[in-house]
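All remarks here apply to the structure that follows.
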Amino acid sequence: FWCDVGLAVLLVLIAQAIALPAASLFDAPILAPMIRVLSVLCVLQALVTVQTALCRRALQMQLLALRTLLSYAAGGVTGITLAMHGWGVWALVAAQVVQYVVILVVMCWRFPWRPGSRVTATALRELLHFAGHFMFANRLKQSADRISQLVVGLFVDATAVGYYALALRILLTAISLAINPLERVALPVLSRFAGDPAEFRRTYRKMILVANSVWTPAAVALAAGAPVLVPLLFGDKWLPAAPVLQAMCFTAPTLGLWFLSGVALAALGQP
């Protein structure tokens, strides 16, 4: 908990320092105060990271669902209301802040865990050894996701990059709806069988079968419906994104085979 909070405070300080240079780089003065306000989200998220992990470990999914519904509802109402009153982009900023504040309130209200004041060097080394791999891998993955669009931009114009970005966003949204919920419970469930290899294999195999039984039909249906779905949701001008989405969906079924492999390794203490 204290490592999370300390790291969050460090990120806030960095954000305060780079706000003005970033605004100058993009020639957008409004960016500086936005960065400074949004950096507070780092602290708000750090305050509930441990509670969230303990909830998942205890499989208290109803509490996580409650906080998600309440936070999105409160943030959405705030954003729409402020936008209708002329707040512009600050309506989006306020919506984000309200969303994270509601999450903090719900977790502190419904989950009994509270942080202690004792910090040991042994626990810190263990945490850094385990979590450091995830931090590095997540940064690498996020960089790869962004770099892909930059690489595409080297070969096509900005409009085509927009089609690619939209297709990728639709695919990622489908993944978050279809198999991300399974990923969130996989670690606490599999870690219970870390000392029982036979039961671990059986449980992991069941998870892979469930993931594929949901995701593969979803990917096929998304590819088949792309020419109708894309213009229906985003307008006819985005129709060229449909074949891009279909190409992505062609390889998407393989995702179900390896999507949980990292979680399974982490459950065995091999992050």
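Expressed as a fraction of 2.2 N^0.38 Å, the rule-of-thumb size for a compact globular protein of N residues, what is the C-alpha radius of gyration of the chain? In units of the 2.2 N^0.38 Å rule of thumb, it is 1.15. Share of carbon and sulfur in the accessible area of the stretch 188-241 stands at 69%, probe radius 1.4 Å. Surface exposure of the stretch 168-230, expressed per residue as accessible area with a 1.4 Å probe, stands at 55 Å².
For ASP145, the accessible surface of its heavy atoms amounts to roughly 50 Å² (probe 1.4 Å, protein chains only, rounded to the nearest 10). The residues of the stretch 1-113 expose on average 58 square angstrom of accessible surface per residue, using a 1.4 Å probe on protein heavy atoms. Surface composition of the stretch 55-158: carbon plus sulfur atoms contribute 68% of the solvent-accessible area (1.4 Å probe, protein chains only, all chains present).
Solvent exposure of ILE80, expressed as accessible area, is near 110 Å², computed with a probe of 1.4 Å over the protein chains only.
Estimated at the nearest 10 Å², the accessible area of VAL220 is 90 Å² with a 1.4 Å probe. The separation of the stretch 207-264 from the stretch 1-71, counted between C-alpha centres, amounts to 30 Å.
Note: relative contact order over the chain, using C-alpha pairs below 8 Å and six or more positions apart, is 16 percent. Between the stretch 133-147 and the stretch 149-166, how many Å separate their Cα centres? With the stretch 133-147 and the stretch 149-166 each reduced to a Cα centre, they are spaced 20 Å. Calculated mean residue ellipticity at 222 nm for the chain: -27500 deg cm²/dmol, from DSSP H runs with n ≥ 4 weighted as -39500 (n - 2.57), summed, divided by the residue count and rounded to 500.
The values are calculated or read from the model by the stated rules, or taken from the named source; none is laboratory data. These numbers come from a predicted model, not from an experiment. For the accessible areas, the whole protein counts, side chains as well, though only heavy atoms, and no ligand, DNA or RNA atoms are used. Shrake-Rupley method; radii C 1.70, N 1.55, O 1.52, S 1.80 Å.
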